[in-house]
Amino acid sequence: MAHTAASRFPSGTSRRFLFAAPSRHRAFACVCTFALAWGERVETPMIPFPSRRLPLILAALVAASVQAAPDTTLDPVVVTATRTAEARSSLSSDVSVIEGDTLRASGAQTMGEALGRLPGVQFNRVGGPGQPASLYLRGANSNHTLVLIDGQRLAPGPDGGAAFDTIPLAMIERVEIVRGSASGLYGADAVGGVVQIFTKAGDGKPSGSASIDYGSHRTVGGSAGYGGAVGDTRFSITVDARNSDGYDITRPESMYAEDDDDAWRQRSATLSLSHRFDERHEVGLRGFYVQTDADYDGGSYDLDPHSRRKQSSISAYSNNRFTENWQSDLLIGQGRDRYVTDSAYPSRSLIIQDQAQWTNTLQSDAGQWLLGLEYLRERLDSDTDYSETRRNNRAALAGWQHDFGAHHLQANLRYDDNSQFGGATTGGLGYAWRFTQGWQLFANGGTSFHAPSFVDLYFPSWPGFPPAANPNLVPEKGRSLDGGLRWQGNGSLVDATLFYNRIRNLIVLDENYTPQNLAEARIRGLTLNGSTRLGSLEFNANATWQDPEDEETGKVLPRRARVYGAAGVAQTLGDWRWQANLAAVGKRYDQRDAQGRMGGYGLVDLGLDYRIARDWQTQLRVNNVFDREYQQGLGYASDGRTAFIKLVYEGH
């Protein structure tokens, strides 16, 4: 049964807020209350979004977003592309940067939902928050994306996939996304690219922040933080909690269907503490903890199953500039991912990754040099009897970059020695040419690899059944190229990027469901991206056309769309700010042989903010405005129209 607007608040709260508020706030209160009720009660017909029209619509939006220029130029400093701090405009890499405040104001409920609006990024999740999620960079597999938090690998599950979508938005300072092979810098798993999450570190005068939100499915959330600098010491602490009744994540035709809502709950905390002895030397500690509980559906033979994931990381670092030309950075840490299911078939697994990195940046007349050593030890503790539960990886890397007038060159080389599969050498080359003011041609090439997971290698088999794992698997290997044209000036940005990635030894399940190095994948495509201002209006749009093909079957890779993109417009008018966003995805297939067709869809999200005072703001978000029904996994339902209201305090 749908809830009324009044039932979404404690008894009488909504009416008291509406009529006791000062008159200049009542308009926003009325809009919020109406939207919460409408998000639950009003039913609208499905708006068709044929995927054959999608390329034309997205191309038009990209073109429209670069017709005017604002007054300022934004050129963020990027670390992930070279492992050193460089202005984005000087790089050959295809990079996106999204600030934490932008993430939290986007209306997205999770990290993956926000990243899925960026160029060349397709997000997929089978159900609501807390359910399995995938991030496809330029059409590569989800486990072909390396996820880092503050320079340290996010510990994966036994299947090799990192649970990035459970990282709370409240703890994030910014996110950098590098598209294209990056194993020459980072080693295994950076086949499609790298996503690096930077948590809040604290800076400036100490101040606090807090928020509380409420919305559809009786979703309640709150966060609080305090951070800043006292003398030469910086600190930041953030806590976040949220509960939701959720929605039924399976469709009636699914064999796992249960007629119930699937609730989820999350608790998290992050801490950062650092001290600068002088301008040259700094030491620090970082850590985070996230616990996510989620119900899921198991069908009539596994009623009301439940999962609990605990993710944590702790690290210590020392950054030292020993001379004017030598910067040394040392990081030692540990990441954990514990996943437990409470069901008719209970399971428990814990992955522990011990990590150490030492990188050195050297300046010379011949350019900037990067030299580094890394060590990674991976351990698995599980109630499943794996034949092997430990492996380690040692690596050495070298990099070089230099500007020759308007020309920029970058080269990287890395060797990994893995106790399970032996050695792997990868590398990358990049070139950029600023041939006139604001214009840049760029090209990149690189090799990459992905190591098989513990599940692929060592999962035990049932007696009388074919093997469930294959200890003879070798790493998947990729070769990629990309290049394009970029223009940036007066605060506007537009770029066009062609990309190509060929992946050998692709691990797939054979007819007996045993993993084998059977397949090859070829992915080629084009991404257009643009952003600008027209007076007080802000525009952004991106579109990707790709052909992610399994060369053994000649079919499109599972759950990959051939065309997808996003567009947005926003405007600030005094104390008010509104935004509208479109995300569109073409048709996909759920299975490897192009079976299980899932139609294309387009989602519209709306947002309205009102600044009550200097430090106080209210935010209203209505997602999936037209209540579009769509699937991201065959047999799994996606959320309908939802509405959320949020009160935010940012101390200054």
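The values are calculated or read from the model by the stated rules, or taken from the named source; none is laboratory data. Source: prediction; values computed, not measured. Note that each Cβ is placed from the backbone with ideal geometry, even for glycine, and that neighbours are counted across all protein chains shown. The protein model used for the area step is the full one, side chains on, heavy atoms only, and it has no ligands, DNA or RNA in it. Shrake-Rupley method; radii C 1.70, N 1.55, O 1.52, S 1.80 Å.
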- So for the range 577-634, what are the equivalent ellipsoid semi-axes in whole Å, largest first, each being the square root of 5 times an eigenvalue of the Cα gyration tensor? 36, 10, 8
- Item | Cα-based radius of gyration of the range 394-550 once divided by 2.2 N^0.38 Å, which approximates compact folds | 1.41
- Message: How high is the relative contact order of the chain? Use alpha-carbon pairs under 8 Å, at least six apart in sequence, and give a whole percent.
- Response: 15
- Item | Eligible lysines near LYS205 by straight Cα distance, threshold 29 Å, same-chain separation 8 or greater | LYS646
- Note on the structure: By the Kirkwood definition, with r running over pairs of different Cα atoms, the range 273-397 has a hydrodynamic radius in Å of 17.8
- Query: Three principal axis extents, largest first, for the C-alpha atoms of the range 400-447, in Å?
  - Reply: 50, 15, 10
- Message: Counting heavy atoms of the protein chains only and a 1.4 Å probe, report the per residue accessible area for the range 71-650 as a whole number of Å².
- Response: 41
- For the chain, return all DSSP H helices satisfying: extent of Cα atoms along own axis at least 20 Å; mean Kyte-Doolittle hydropathy at least 0.5. none
- Provide Rg and Dmax in Å for the chain, with only Cα atoms included in the calculation. 24.4, 75
- Query: Of all the accessible heavy-atom surface of the range 71-650, with the other protein chains kept in place and a 1.4 Å probe, what percent is carbon and sulfur?
  - Reply: 55
- Taking the Cβ of ILE523 as the center, what net charge do the other residues with Cβ under 9 Å away carry, scoring Lys and Arg +1 and Asp and Glu -1? +3
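Just flag the chymotrypsin sites (Phe, Trp or Tyr not before Pro) in the range 262-346 sitting in loop per DSSP whose Cβ has no more than 11 other Cβ atoms within 10 Å.
When the chymotrypsin sites (Phe, Trp or Tyr not before Pro) of the range 262-346 are filtered for loop state and at most 11 Cβ neighbours within 10 Å, PHE277, TYR301 remain.
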- Item | Fraction in percent of alpha-carbon pairs per bin - 5 Å, the range 480-625 | 2, 8, 13, 14, 14, 13, 11, 9, 7, 5, 3, 1, 0
- Please give every one of the lysines within straight-line cross-link reach of LYS477, meaning a C-alpha to C-alpha distance under 27 Å, and leave out same-chain neighbours fewer than 8 residues apart. LYS555
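Taking the Cα centre as origin and putting +1 on Lys and Arg beta-carbons and -1 on Asp and Glu beta-carbons, what dipole magnitude results for the chain, to the nearest 20 debye?
Values: 65 positive and 73 negative charges, 281 e Å.
Here the size comes out at about 1340 debye.
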- Give, rounded to the nearest 20 debye, the magnitude of the charge dipole that the range 313-443 has about its Cα centre when Lys and Arg contribute +1 at Cβ and Asp and Glu contribute -1 at Cβ. 100
